[in-house]
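Here's the structure we're looking at; comments come further down.
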Amino acid sequence: MSQPATDYTIDELICVCIARQIEDGELVVQGIATPLVLAGYMLARLTHAPHIAFASAIGQTFCRDWGPLSIAHVEALWLGKALGRFDFAQAVCELLPTYQPKEFFRPAQMDARGNTGNIVFGDYHKPRLRLPGCGGIADVTVYEEHVCFYVPRHSRVTFVEQVDLVSGLGVGAGPPEHPAPGPTYLISDLGQFDFAPGRMHLTSVHPGVTVERIQAKTGFRLEIAPDLQETPPPTAEEVRLLREVIDPLGIRDLERLSGARRRAKLHEIIEREQDARTVNIKRQ
Amino acid sequence: MSQPATDYTIDELICVCIARQIEDGELVVQGIATPLVLAGYMLARLTHAPHIAFASAIGQTFCRDWGPLSIAHVEALWLGKALGRFDFAQAVCELLPTYQPKEFFRPAQMDARGNTGNIVFGDYHKPRLRLPGCGGIADVTVYEEHVCFYVPRHSRVTFVEQVDLVSGLGVGAGPPEHPAPGPTYLISDLGQFDFAPGRMHLTSVHPGVTVERIQAKTGFRLEIAPDLQETPPPTAEEVRLLREVIDPLGIRDLERLSGARRRAKLHEIIEREQDARTVNIKRQ
Amino acid sequence: MDKTQLLDKQTTLTAAAQLVRPGDTLALGGMTLYRRPVAFVRELIRRGTGDLTLLAFTAGYESDLLVGAGLVRQVRTCYFGLEIFGLAPMYSQRAERGEIEIVEETEASIAFGLRATLAGVGFMPGQGWIGTDLLRIRPDVKLVADPYSGRRYVAFPAIKPDVAVIHAPLASRVGDAVLHGNLAVDCQLAMAADTVIITAERVVEKLDEPLDIIGLAVDAVVEVPHGAAPTSCWPDYPLDGAEILRYVEACASGEFDAYLDDFLTSVGPRARPTMFAVKNHEPTGNRLHN
Amino acid sequence: MDKTQLLDKQTTLTAAAQLVRPGDTLALGGMTLYRRPVAFVRELIRRGTGDLTLLAFTAGYESDLLVGAGLVRQVRTCYFGLEIFGLAPMYSQRAERGEIEIVEETEASIAFGLRATLAGVGFMPGQGWIGTDLLRIRPDVKLVADPYSGRRYVAFPAIKPDVAVIHAPLASRVGDAVLHGNLAVDCQLAMAADTVIITAERVVEKLDEPLDIIGLAVDAVVEVPHGAAPTSCWPDYPLDGAEILRYVEACASGEFDAYLDDFLTSVGPRARPTMFAVKNHEPTGNRLHN
């Protein structure tokens, strides 16, 4: 097997941890604007899970093939490589409840039991920050048994004692006769977690991260696994695949940036993609 | 315009009357095993209604093109000429209630108000005759405002005082807050009818048919239009189109036959279609 | 274990037919005389798997054979007939003699019932039926009030087949399948059923056309050239009207049993030898190992 | 009257935009930054048609312009943002200031709500929402009990847009349209809305590809090359990320108004001159003559 990488970023570690959660043959779904997740899926496809099937909020297609991450040409991936095409009503009303695919959501707020909020920070009618909305999280967390979360910037902004407005169900939430399964896994930039005891439960810390630091950045008491591990670093081959094959433009870096820094990085990526395309066109 | 035909069959008159009910630009739907209806639609398409759109229970497609009637190759018409493809769940749950197309149903039993039965003759649990079933008649007659009927063999077997088991709603049936629109038109081998007074109402008699004969073959009191007409016969051109272009195999004749006579005619048609196909293949 | 092999679902007709158990609700794909799984039905009658509930959007030739062979206890369909060839003779006969149970369905009760199963809910509301006698002969079907307008709808109950068998012109070895239209409710059946069997004219490594059925939930794929005959499989072959007529005439002369013997012993289309032993298959939740 | 002309629905962007009236529920097709009717939105902002309820499965660039221009009273969507480009700046600002009404939706409430309209019923039951705070912020949404199991579902209420505007790569003059995937709920919107407007890269006499939208319910077809830009129109052109970024940066600098001026006065893509006067159109139930 490949050697551990000596040089990797935290974004890359997140992608690698996501990839490791994927089993071969599974159906995996990508939500809107989640390049870390997509990079993780592609990495799984190119390493241990060659038979996974993809679906994405963009395109609403069923794919078994893969392609590199893009800003401008995301539709070319999902529509150009589609094996089957559906519409979003079919996806929501039939495909998701029936196939119960694995999906990684990014909660804006989350409590210890995995209840999440992606609609507002603060009061709904006078929000401190209005967020895009919860998409389908309020729909699928009611029944879905393969919900995973990822949090690119672990902080007390996200991990709170009480979610302002719950738009996704945590462990056991919902009516008593149909308790929600809740999330099964969470990866942040600090560690990996599951919800085995019914609450967020630290199972591994990323290299160089202390439990104390994670607890300090979490707004509720963390459960700690007795056999706490250190997260195995990416292999050199995984990092190479991410950098050279899956995401040569570095789109996976965007999720951990905000404001002006994200915009600057976007400028750079868009120009690189344009240049790469120009080169490709000239080559033809 | 074309001269009246001097030589035509009652099947052809039924097709022509169906065609005359079609307005240009409409969506028309064909149920299972209704060649008289299909021939009528095709005739409308080739005469006064070039912009009608077709859908059929077979294929569940949307078509604007037409083709001649067939026994063996009915799918080639609906699938080979399809502009769009749907499935039957979409058709039933969405397309039919939304577009409310015009459709001609063939009731096995019908009362004066247009309530119909296509499930059994006699008691449901001990039927005299078990029929194929009502397809979607129980679904669409609840709301559909463009329901038409055709009855290739007008008799007291079909037109009864009381339907044994109602599987389609007549005028004003259903809950008082949502009374069914009921059928708007009926063509039989004896005359044409509407339901303007809320009951079956004779508006024209076919050439050579008397009102008395129609009443005698109807198991309830008929309403008679004060301005009763004689059904205009087909034109020579309409008959030519039916015989030479739309249905050269004579499939439209099958609906008025039963038992051994229908089987004999089927033998003849199947052989002719096979021969015609062999000739076509040789020509290529 | 080689993952390619793990995900290959290709098997024989014999092995696939073993997935149907006595008492199952068996859904047959296609429409009346189009794209019906006739070769699969032949295999099932040979095995004699009985006490079945037969679910079909519309039922035709293949279903009449099953009913005539005495393997069907209950029928659920909105149309059981042979189109322009007339009534389905064995169905009509057994229904008139009270020898089969009929759960009367309509287009809407099947379509909404399957959609309810796929959405994970117990019913879907529809406009149909109210005012007809359908509610009288389906006392199990209840009404539901619209909480906004108070209007009453029929609550079409969820329908879930145990096994669905779909014949396809083309399928891949992982179970993705192309149907080429006239879909009926085949895509819904293939999602709703616990066990899904695809018989196909051709089984290929990789599809080069848009799929209608996703292989994820498919348990077995069998290559059976001409597997829908005498019903059609567009565009591969048309309806064989002469054979349907031969069936109708046999039944009209009281010779169903002779026709059935002939049907069962005809060499007919056979599955290509399986390329992978059934024991190598391991799709989740299927019945191959039970 | 020439029937060909009667059924030709091709018109100008100006004439089509007149079909939207102040106060309407306006549904915009496409997804976030893909295949949005941007040229149509430009025309609508020029006209200043306001007091709109904006309905979009997901809302993006085009919707943020409408909100920023002050034409939107109410928003109904499950996601309003610019994907990897971040929050929709004007939407967030107006929402935080309480200047727009929000009817919070999710994927299921829109999908089932449209399906309810298409089925002609007042609601569709879904598993979602129960246990979340959605029911608290949508007090209009009620529960319904499954008459079989007693389980409670959310009764997602029927949704009916007044006008739907869909941008298509290809349409015919009678309104049939090809979308090439990423369908969102465009087919449903085009069936559910009272008035349907198709803007298309190309308008042809006859389609040579399978249609997604049936022209029957379409009222106006407008040829607008590049009519979705800077959002994408696969496979004709990709997302113009530089322009989306220019928008985000303008808003971040408090220069929305300057961006909007620029957007409105840019010559931009224009509709081809109409080939038939609007008065010749007479589709049933549309608003061209009102």
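A short reminder: the numbers here are calculations on the coordinates, not readings from a lab. Bear in mind the structure is a predicted one, so any value in this text is a computation, not a measurement. Using ideal geometry, Cβ is built from the backbone for each residue, glycine included, and neighbour counts are taken over all protein chains shown.
Each of C:D140, A:D11 has some number of other Cβ atoms within 10 Å of its Cβ, and from fewest to most they run C:D140, A:D11.
Semi-axes of the equivalent ellipsoid of chain C are 30, 25, 16 Å, computed as sqrt(5λ) over the eigenvalues of the C-alpha gyration tensor in descending order. The Cα atoms of segment A:152-284 cover 62, 33, 29 Å along the three principal axes, with the biggest extent listed first. Of A:V245, C:V38, the sequence from fewest to most neighbouring Cβ atoms within 10 angstrom is A:V245, C:V38. Share of pairwise Cα-Cα distances greater than 23 Å in segment A:143-224 is 19 percent (whole percent). Across peptide C:86-96, the average count of Cβ atoms from other chains found within 10 Å of a residue's Cβ is 4.
A label point on C:E99, set 7 Å along the Cα-to-Cβ line, lies at 7.8 nm from each of its counterparts in the other copies, closest listed first. Partner shielding of D:236-246 amounts to 4, given as the average count of beta-carbon atoms from other chains within 10 Å of each residue beta-carbon.
Inter-part distance, segment C:208-265 to segment D:1-79, computed on C-alpha centroids, equals 50 Å. Both radii are taken from the alpha-carbon atoms of segment B:10-283; with Rh as the Kirkwood radius, Rg/Rh is 0.96.
P(r) for segment A:27-171, from all Cα pairs and a bin width of 5 Å, is 2, 9, 19, 20, 19, 14, 11, 5, 1, 0 %, short bins first. Where chain B is rotated onto chain A, the residue of B whose Cβ comes nearest the axis, and that gap in whole Å, is B:Q90, 5.
Rounded to the nearest 5, the antiparallel percentage of DSSP beta bridges internal to the protein assembly as shown is 40%. Across segment D:69-81, rounded Karplus estimates of 3J(HN,Hα) from the backbone phi angles (6.51 cos²θ - 1.76 cosθ + 1.60, θ = phi - 60°) give 6, x, 8, 10, 8, 9, 10, 10, 7, 9, 7, 10, x Hz, Gly and Pro being marked x. Relative protection proxy for D:212-223, C:90-101, B:67-78, from highest mean packing down: D:212-223, B:67-78, C:90-101 (other beta-carbon atoms within 10 angstrom). Take the Kirkwood radius over Cα pairs of segment D:98-202, plug it into Stokes-Einstein at 20 °C and 1.002 mPa s, and you get 138 µm²/s for translational diffusion.
Residues whose amide H falls under 5 Å from that of C:V221, counting only those 5 or more places apart or on a different chain, are C:Q10, C:T11, C:I198, with hydrogens built in the peptide plane. Label sites at A:A196 and B:V211, each approximated as a point 7 angstrom past Cα along Cα to Cβ, lie 9.0 nm apart. Could you tell me the center-to-center distance, by alpha carbons, between segment A:15-49 and segment A:102-140 in angstrom? Answer, in whole Å: 22.
Taking a Cβ cut-off of under 15 Å around D:L134, the surrounding Lys, Arg, Asp and Glu residues balance to a net charge of -2, with basic ones at +1 and acidic ones at -1. Checking the cross-link pairs A:K81/D:K160; A:K102/D:K142; C:K9/C:K206 against a 25 Å limit on the alpha carbon distance flags A:K81/D:K160; A:K102/D:K142 as lying beyond it. In nanometres and ascending order, the distances from the B:G67 label point to those of the other copies are 3.4 (point 7 Å from Cα along Cα→Cβ).
Rounded to two decimals, the Cα-based Rg/Rh of the protein assembly as shown, with Kirkwood Rh, is 0.98.
Max-minus-min Cα coordinates of segment D:1-86 on each principal axis give 52, 24, 19 Å, with the largest extent listed first.
Altogether, the Stokes-Einstein calculation at 10 °C and 1.306 mPa s, with the Kirkwood radius of segment D:55-124 over Cα pairs as Rh, returns a diffusion coefficient of 124 µm²/s.
Between copies, C:R246 shows label-point distances of 7.2 nm, shortest first, with the point placed 7 angstrom from Cα along Cα to C-beta.
Local charge for A:H146 was computed over the other residues whose Cβ lies under 12 Å away, with Lys and Arg +1 and Asp and Glu -1, and equals -4. Counting, for every residue in B:55-61, the Cβ atoms of other protein chains within 10 Å of its Cβ and taking the mean gives 5. Taking the fewest neighbouring Cβ atoms within 10 Å as the starting point, the ordered list for A:Y150, C:Y34 is A:Y150, C:Y34. What net charge do the residues around C:Y148 carry, taking every other residue with its C-beta under 15 Å from that of C:Y148, with Lys and Arg at +1 and Asp and Glu at -1? Neighbourhood net charge equals +2.
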